[in-house]
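Participant: Quick one: structure below, then a few questions.
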Amino acid sequence: MQFRILTLSLSLSLVTWACDDDPKNKNNTNNVNNVNNVNNVNNVNNVNNVNNVNNLNNLNNANNQNPEVYGELELAESRQFGYENSSLSGLIGAGGFPRWQEETLVEGDCRLLKYVRHFCEGYCDGVCVAENVCEPWPTFENAGTLAVTGAKISISVEPGLWGFNGFENGYGWWGEAADLYDDQDEITATFSGADLAGFSIASAGVAPLLLTNVTDDELALSNDADTLLTWTPADTAGTRVRVTLNANNLGHGAPYEAIIECDTADDGSLVIPSSLVRDFPDTYRWEYCAGSDCPLSWAFRYRVGHTDLTEGRVVFRVGSAVGFFILHDLPTKGE
């Protein structure tokens, strides 16, 4: 059991920095002209944050977005510690879900992403993406009312504020049950249209994901050997599994210090390379968390559909997620 307890002075400084009502306000004294004031939007499956960024987009361009994707929508049934819920999150605009981490290493089906702090000498009304390189905050399109059909309940969502940053024109919904669909049920997302013309995207439901070697909701990561994650593979074709291992952050809503993302065939196992793990921060099963978010990690079985607009491709993932803790200690010097 680990307890994350910060000193009073550090806790107060982090809370002051992370909880400003408007991180885009030029009068925000907490904005020190760099990307450190950007707030995290890291997981659709976290019941406290329906703002998913668990995609495998290229993160090296301005605002860490992929220009080939013009929007992302995810619908998930989630299970963690005997608790169940469902959630939907979406953004329509260049790159889809923002990401604040940068890719540093790739091996096998996985990659390591790290939060790199940059500094801009002048005032940056946006994100400082490199030394003295300021990019504007990402903006997103109002695509009208979103209606999801084919699920066991009707879902209708109006565009609104999205994420800790409060981006406009986001889509978010949360439900208490994790029983929205059965395997291969056709699920359709339809946007009525506003700034963009209306459009629809079809995807399909999945069977619930069952992890088979996560004990007591924990997965230990080894620095010395690759880590194996296993699950019961799907009975039907067309699904994949995405695994997102989250390190902690330095303040509520701030970017996670590192993420290991893997996207693999739904064949029942994933190798997590030790080369990525060795450069991953200390991560524990925090029973108490003050001044930071202490996030869960997730495995997500999904199907994906897409539609191509004039502006670019919009993707729609439908899936089943399982949350768990990861246990990891940085290697000692000389290892």
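The values are calculated or read from the model by the stated rules, or taken from the named source; none is laboratory data. Everything numeric here is computed off the predicted structure, so don't read it as measured data. All Cβ positions, even for glycine, are placed from backbone atoms using ideal geometry, and neighbour counts span all protein chains on display. Heads up: the accessible areas ignore ligands, DNA and RNA and are worked out on the full protein's heavy atoms, side chains in. Shrake-Rupley method; radii C 1.70, N 1.55, O 1.52, S 1.80 Å.
Participant: Leaving out ligands, DNA and RNA, and with a 1.4 Å probe, what % of the accessible surface on the stretch 219-335 is carbon or sulfur?
Facilitator: Heavy-atom surface of the stretch 219-335 belonging to carbon and sulfur, 1.4 Å probe: 49 percent.
Participant: Turning to a different aspect of this structure: Could you grab the relative contact order for the stretch 232-335? Cα pairs under 8 Å, six or more apart, rounded to a whole percent.
Facilitator: 30
Participant: Around GLY95, which amide H atoms from residues at least 5 apart in sequence, or from another chain, sit under 5 Å from its own amide H, with H modelled in the peptide plane?
Facilitator: Answer set, sorted by chain and number: ASN66, VAL69, TYR70, GLY71.
Participant: Once the piece of chain linking GLU107 and GLN184 is laid out straight, how much longer is it, given 0.36 nm per residue of separation minus the C-alpha distance between them?
Facilitator: Contour length minus the Cα-Cα distance gives 24.6 nm.
Participant: While we're here: Over the stretch 59-215, what is the relative contact order in whole percent, taking alpha-carbon pairs under 8 Å and six or more residues apart?
Facilitator: 20
Participant: Of all accessible surface on the stretch 109-212 at a 1.4 Å probe, what whole percent is carbon and sulfur?
Facilitator: Whole-percent figure for carbon plus sulfur exposure: 49.
Participant: May I pose another question? Quick one: what are the phi-derived ³J(HN,Hα) couplings along the stretch 208-224, Karplus 6.51/-1.76/1.60 with θ = phi - 60°, whole Hz, x for glycine and proline?
Facilitator: With the stated coefficients, the stretch 208-224 comes to x, 7, 10, 7, 10, 10, 9, 9, 6, 6, 10, 10, 8, 9, 9, 7, 9 Hz.
Participant: Which order do you get for SER274, SER192 if you rank them by accessible area with a 1.4 Å probe, largest at the top?
Facilitator: The ordering from most to least exposed comes out as SER192, SER274.
Participant: Near LEU180, within a Cβ-to-Cβ distance under 15 Å, what is the net charge of the other residues, with Lys and Arg +1 and Asp and Glu -1?
Facilitator: Spelling it out: positives minus negatives among the neighbours equals -4.
Participant: Residues of the stretch 208-283: accessible area per residue at 1.4 Å, in Å²?
Facilitator: For the stretch 208-283, the solvent-accessible area averages 36 Å² per residue.
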